[in-house]
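All remarks here apply to the structure that follows.
The values are calculated or read from the model by the stated rules, or taken from the named source; none is laboratory data. Treat the numbers as computed from the prediction; the structure is a model and nothing was measured. For neighbour counting, all protein chains shown are included, and Cβ atoms are generated from backbone atoms with ideal geometry for every residue, glycine included. The area values use the complete protein model at the heavy-atom level, side chains included, leaving out ligands, DNA and RNA. Shrake-Rupley method; radii C 1.70, N 1.55, O 1.52, S 1.80 Å.
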Amino acid sequence: MRHIISLLMENEAGALSRVAGLFSARGYNIESLTVAPTEDATLSRMTIVTRGSDDVIEQITKQLNKLIDVVKVQDLSDGSHIERELMLVKVRASGEIREEMKRMADIFRGRIIDVSDKTYTIELTGPGSKLDAFLGAVDATAIVETVRTGASGIGRGDRIMKI
Amino acid sequence: MADMELTGAEIVVRCLRDEGIKHVFGYPGGAVLNIYDEIYKQTAFEHILVRHEQAAVHAADAYARSTGLVGVAIVTSGPGATNAVTGIATAYMDSIPMVVISGQVPTAAIGQDAFQEVDTVGITRPCVKHNFLVKDVRDLATTIKKAFYIAATGRPGPVVVDVPKDITQHTCAYEYPAFVSMRSYNPTSKGHAGQIKKAVQMLLEAKRPMIYTGGGVVLGNAATQVTEMVRLLGFPITSTLMGLGGYPAPDVLFLGMLGMHGTIEANMAMQHCDVLLAVGARFDDRVIGNPKHFAKEARRIIHIDVDPSSISKRVRVDVPIVGEVAQVVEEMLKQIQAGIGQIDQTALKAWWTQIELWRVQDCMKYDRSSSRIKPQYVIEKLYEVTGGQAYVTSDVGQHQMWAAQYYPFDQPRRWINSGGLGTMGFGLPAAMGVQMAHPGAQVACVTGEGSIQMNIQELSTCKEWKLPIKVILLNNGVLGMVRQWQQFFYEERYAESHMTSLPDFVKLAEAYGHVGLLVEKPEDVETALRDAFGKYKDRLVFINFLTDPGENVFPMIPAGKGLSEMILV
């Protein structure tokens, strides 16, 4: 099953490679991983999207907790949460499909953030499935380039992860 | 004093002094020259110069295993650090508390492919509990304190502190922190009271109870508590290779070692018990074999371990208890003594009757009338001659298993071997570490002609320090365990398991300044051992026992098979 795991860790050189190394050394799967400092500059927050059986996910969270630099681990999938991902997609936008691309961006509540006579660059935010849906909805041959941040997640309401 | 500025090199040495370190194993080199210059000027600890960095780390590791203290090694950058990696990984797999200080090229040269530069923190990351690269001399003392704290607490392990050369020259005020706390590291020490109560009840309800202990009992200093509890209950107990000595092996309740080369009674009782108490053990592949086969028989499992990630990793458990084993077992003992439940003595008696039926098969018997020296016989004689009181280190292979099977350890920290990583070359440097920690003790290194040659250069270190180690070489002329697998599983195709030219070990020992003895006949085994521990008490004695090359380690569970699928002869 797909899980989205959040961690708070010491904002130190090497902390990221400890997490990445753990996943590769133990054969765990990473679908996406994003990391950036938090409002407290000594802490980074990482969101990892992974897949595995309940046993594997239990081991992943235990092994992450075992890393000395990791301060807190939370499996967001255990409860109600929100996740968002940002995608920048450059599409062909010449001739008759130029107008259609604009319409598609509007339908998906995307924003065109860069324009040339042959292309649009569209910014889209949402859960990963929405971004997938956009890519599925436009003609595949019109997609020139995509870049995605990977998911960031946060608990809903009073579900707070802080130290 | 706190106001006086010290160099980084002085700080390293002062930290070790203030940590109470008495012995440091190491090898100098460019990046650690400043540190060595300070070592030269101090008298707080002894530095043991080895002949290869791997040996320094193994020696520090065995020093830790035999004392319970944190072992310390110092190596230089680049090849010094890479040579240390095998030793670090060995300690990591067996959860041994150790601090390795490695030199690094100057900060400005890092990443420039400088001479003797290697990414030590990167290379060691997967085989350390934690590691540090010190980038500011003002962080040095705290970092070293953290290293000792992390190494020794929770589930112990090796910690590497990588110190660039310029940091050893920079100066700052020195103060060694009395303690450190880290928001990201708070190992659980006390077991959950509710879980402990549940465990005791489950254990007392058992019809066919079994207790299985691992290295955690030895490392967690829980042997006394475990022994008291087991004796009070009268339940059968077995130990892993790493747990030997955690319960007195000569005792009738002890069923011998379990696992791939465990006894019938231990393995069958593991497979057929209805309640299993696992203490400081991790159900690894050499212990329970195939987890699917293990799970075929229904049993309830209680698992005590200081490391939550060891619980439910290979086998689902019913009552997990995270905590220090000594504390948890102590608490269980109190509850049992308080009489919170009754043991079903009738069921227990029936269970013991069944166990005795397994035990009576005498799976450890071997041919005692052979005209060739049987390796098992050498170990039995070693036990007799040393009165069972020796520290026994071993290398890896058949000899290791025979030492584990035929030397019944009755105290913890006496059996020193590389269980997890299985590092050939561990035995001799390990014996050095043990002998440095226990100068008057009998120390035997049980080894094979393959393993001993992997760190044989340390005979020179032994000479320098006059270490009266007894090297018990069970020389069967083949890489025995490899040969055994080839015989059983590769249709006797003996690929590269035979060394056609071996040195004259007696002359070799003599060349290093030691006593060398050759023993070819069973009737000479005892005399040689008595001479080694008597006449040559103060010398390193290297005994080359020419043993039966056809001998195999039994019982054996083939890899991937289950506990009840043993090969017996």
For the interface of chains A and B, what total accessible area is buried with a 1.4 Å probe, rounded to the nearest 100 Å²?
1600 Å²
Quick one: which residues, 5 or more positions from residue B:173 or on another chain, have an amide H under 5 Å from its amide H? H modelled 1.01 Å from N in the peptide plane, none for Pro or chain starts.
B:6
For the pair residue B:292/residue B:316, report the inter-label distance in nm, with labels modelled 7 Å from Cα in the Cβ direction.
1.6 nm
Could you run the Karplus curve 6.51 cos²θ - 1.76 cosθ + 1.60 with θ = phi - 60° over the range B:442-447 and give me ³J(HN,Hα) per residue in whole Hz, x for Gly and Pro?
7, 10, 10, 10, 8, 8
Using a 1.4 angstrom probe on protein heavy atoms only, which residues from the range B:165-188 are buried by at least 50 Å² of accessible area when all chains are present rather than their own chain alone?
B:183, B:184
Determine the sum of side-chain charges near residue B:247: Lys and Arg each +1, Asp and Glu each -1, restricted to other residues whose C-beta is under 14 angstrom from that of residue B:247.
0
The range B:116-137 to the range B:327-384: how many Å between their Cα centroids?
44 Å
Sequence-separation-based contact order of the range A:37-127, relative, with Cα cut under 8 Å and 6+ spacing, percent:
23 percent
Listed by chain and number, the aspartates and glutamates with an alpha carbon less than 13 angstrom from that of residue A:66, same-chain partners under 8 positions apart left out, are A:58, B:307
State, as an integer percentage, the relative contact order of chain B based on alpha-carbon contacts under 8 Å between residues 6 or more apart.
14 percent
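Can you give the calculated 222 nm mean residue ellipticity of the protein assembly as shown, where each DSSP H run of n ≥ 4 adds -39,500 (n - 2.57) and the sum is split over every residue, rounded to the nearest 500 deg cm²/dmol?
Per the formula, -10000 deg cm²/dmol.
Keeping all protein chains in place, calculate the accessible area per residue for chain B (probe 1.4 angstrom), answer in Å². Intermediate values should be presented prior to the final figure.
Details: 21570 Å² over 569 residues.
Result: 38 Å² per residue.
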Report the net charge of residues surrounding residue A:139, where surrounding means a beta-carbon distance below 9 angstrom and charges are Lys +1, Arg +1, Asp -1, Glu -1.
0
Would you give the gap between the C-alpha center of the range A:64-118 and the C-alpha center of the range B:48-62, rounded to a whole Å?
54 Å
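Rounded, prolate or oblate, given the Cα gyration tensor of chain B, with a/c below 1.5 counting as rounded? The partial results should precede the final answer.
Details: a/c = 1.97, a/b = 1.23, b/c = 1.61.
Verdict is oblate for chain B.
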Which of the residues in the range B:269-315 lose at least 30 Å² of accessible area when you go from the chain alone to all protein chains together (probe 1.4 Å)?
B:309, B:313
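What stretch of chain B, leaving out the sites themselves, is the longest with no chymotrypsin sites (Phe, Trp or Tyr not before Pro) in a DSSP loop having at most 12 other Cβ atoms within 10 Å?
Result for the longest clean stretch: B:180-569.
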Cα to Cα, under 20 Å, and not fewer than 8 places away if on the same chain: which lysines meet these conditions relative to residue A:62?
A:72, A:162, B:129, B:190, B:313
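Expressed as a rounded percentage, what relative contact order does the range B:516-569 have, with Cα pairs under 8 Å and six or more residues apart?
32 percent
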For the range A:69-163, what is the accessible area per residue in Å², given a 1.4 Å probe and the full set of protein chains?
58 Å²
Let me make sure I get this right: for the range B:174-302, a, b and c are the square roots of the gyration tensor eigenvalues over alpha carbons, sorted descending. Under 1.5 in a/c it's rounded, otherwise prolate if a/b > b/c, else oblate. Which is it?
prolate
What part of the accessible area of the protein assembly as shown, given as a whole %, is carbon or sulfur when the probe is 1.4 angstrom?
52 percent
Taking every pair of alpha-carbon atoms in the range B:305-387, what share in percent sits in each 10 Å bin, from 0 to the bin with the longest distance?
13, 18, 24, 30, 14, 1
Select from the range A:50-75 all residues whose loss of accessible area on going from the chain by itself to the full protein assembly reaches 20 Å² or more (probe 1.4 Å).
A:55, A:58, A:59, A:62, A:66, A:68, A:71
Whole-Hz couplings from phi, Karplus 6.51/-1.76/1.60, listed for the range B:521-537; x for Gly and Pro
10, x, 5, 9, 4, 5, 4, 4, 5, 5, 4, 4, 8, x, 3, 9, 3
Say a paramagnetic label sat at a point 7 Å from the Cα of residue A:154, along Cα to Cβ; which residues of the range A:65-91 have their backbone N under 12 Å from it?
A:82-84
Would any residue of the range A:78-107 have its amide N under 14 Å from a label point 7 Å out along Cα→Cβ of residue A:117? List them or say none.
A:93-95
Find the centroid of the Cα atoms in the range B:502-566 and in the range A:121-152, then give the distance between the two in whole Å.
68 Å
Could you check what % of the DSSP bridge pairs in the range B:160-295 are antiparallel, to the nearest 5?
10 percent
Cβ-Cβ cut-off under 11 Å around residue B:314, Lys and Arg +1, Asp and Glu -1: the net charge is +1
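Just the C-alpha atoms of the protein assembly as shown: what Rg/Rh do they give, with Rh taken as the Kirkwood radius?
1.03
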Cut-off under 25 Å on the C-alpha distance; same-chain residues fewer than 8 positions from residue B:535 excluded. Which lysines are left, in chain and number order?
B:374, B:381, B:463, B:466, B:470, B:507, B:521
Filter the GluC sites (Glu not before Pro) in the range B:442-541 to those in DSSP coil with at most 10 other Cβ atoms within 10 Å of their Cβ, and list the result.
B:491, B:492, B:496
Stokes-Einstein D for the range B:350-400 at 10 °C, 1.306 mPa s, Kirkwood Rh over Cα pairs, in µm²/s?
117 µm²/s
